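The structure under discussion appears below in the form of structure tokens.
The values are calculated or read from the model by the stated rules, or taken from the named source; none is laboratory data. All of these numbers come straight from a predicted model, not from anything done at the bench. Quick reminder, even Gly has a Cβ in these numbers, built from the backbone with ideal geometry, and neighbours come from all protein chains shown. Quick note on the areas: whole protein, heavy atoms, side chains included, nothing else; ligands and nucleic acids left out. Shrake-Rupley method; radii C 1.70, N 1.55, O 1.52, S 1.80 Å.
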Amino acid sequence: MKAPEQYDPSKAAAKDSMPNPTIQQPVKSPAIPTGMPTIIQNHKRTAPVEKKPFQWQFLMPKYWGIWLLIAIIVPLVYLPLRWQFWLGRKLGILIYTVVGSRGRDTLINLKLAFPEKPEVERELMAKQVFVNQGIGVFETLCAWFRPNVFTRTVSISGLQHLINAQNEGRAVILLGAHYTMLDLGGMLCTQFFPMDGMYRPQNNALLDWFIYNGRTSILSKQIASRDMRSFVESIKAGHVIWYSPDQDYGLKQGVMAPFFGVPAATITASRRMAKLGDEAHPPALMALHTYRQTPDNLPSGKRPHYHLTITPELKNYPSNDEVADATRVNEVLEGLIRIDPTQWMWFHRRFKNGPNGRTDIYK
């Protein structure tokens with residue numbers, strides 16, 4: 001699969017530092033054709049979705065900090081996208097600078113995954129990870145509260161793989177990853193097909209309520225990571241289900257498999273998922289990649305553009321070798337992440353567990 005042209009932040013920085021010899025009138029993006037469906041009008045879902053009810057405990061003083069943050073950030077999504085991207089860049093750099101532990105974890109991960117790159121390049125990559133995540137905060141909130149701003153900003157490749165499986169009456173398990181445009185990627189996917197999603201409930205009750213209700217505007221069904229009954233129901237109904245196996249949950253339900261050349265604890269739940277449902281029409285396992293193709297310094301008058309990629313189905317999966325299966329999944333995800341590594345959340349401790357338990361690489 002040929003990767004889309006990548007954005008090189010170091011080249012962009014050099015370009016931005018050069019004086020502009022002529023002053024040109026910015027070229028605006030083509031107007032959206034009259035009558036073209038908006039994101040909301042074209043949104044696909046399998047059933048109405050109920051939101052979680054508000055709880056009066058959310059008004060307790062321990063939640064006031066979160067409410068203040070929501071009150072500051074959410075109104076900003078009604079600014080032009082170009083301004084949001086600018087704020088996102090500043091937010092990302094601020095977090096990288098202030099939250100030193102996350103920046104350090106990111107640099108450690110990048111050193112393990114890209115040992116061939118010079119240190120200065122890895123530092124630029126680490127900063128860009130946080131820049132992309134800062135922008136991702138605004139992309140996520142827009143996906144929840146102002147999705148129509150992304151009308152006519154998406155293209156897709158590989159959709160035929162999913163359609164063919166659905167036409168055969170099969171459910172589809174989309175192996176995703178924690179890209180910085182996580183929720184926006186889901187919203188853009190539902191322009192083409194309805195989708196359920198698996199998630200891990202937040203420890204903070206207010207955050208869990210806020211995030212869950214935000215995602216009701218995207219997903220047809222949200223399945224808690226331990227709610228296998230709901231997952232089986234979606235499989236039997238032939239739904240498309242997003243599931244992410246790219247984080248370290250230890251070896252109780254996983255094995256060690258290489259990820260970017262580094263032994264990593266890799267969850268094997270997708271093997272069990274692939275065996276569910278009708279034996280004659282087993283779920284099809286594919287991978288999903290979501291990618292912002294435009295630079296973070298969005299030109300005046302321009303809209304961003306996003307590309308979705310769906311890979312062909314993983315054939316002969318699962319096999320009798322769970323390590324080989326985990327390795328295959330990691331290889332597919334790694335190949336997609338390499339399209340632009342800075343759009344994946346490297347600040348997670350992906351390599352915190354080794355064959356003998358916790359490692360000390362993040363100390």
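If you go through the range 136-149 one residue at a time, do you hit one that is within 19 Å of the chain's Cα centre (by Cα), outside any helix (DSSP H, G or I), more than 20 Å from T342 (Cα to Cα) and in contact (Cβ under 8 Å) with a residue 40 or more places away in the chain? Yes, there is a match, as at least one residue in the range 136-149 is within 19 Å of the chain's Cα centre (by Cα), outside any helix (DSSP H, G or I), more than 20 Å from T342 (Cα to Cα) and in contact (Cβ under 8 Å) with a residue 40 or more places away in the chain. All of Q166, Q160 fail the test of being part of a helix (DSSP H, G or I) and free of Cβ contacts under 8 Å to residues at least 24 places away in the same chain, apart from Q160.
Taking the conditions (1) of a type outside the set (K, R); (2) within 21 Å of T140 (Cβ to Cβ); (3) in a loop (DSSP other than H, G, I, E, B) in turn, E313 satisfies each one other than (2). Looking at (1) open to solvent by less than 30 Å² (accessible area, probe 1.4 Å); (2) more than 30 Å from K302 (Cα to Cα), which one does R122 not meet, given that it meets all the others? All conditions pass for R122, except number (2).
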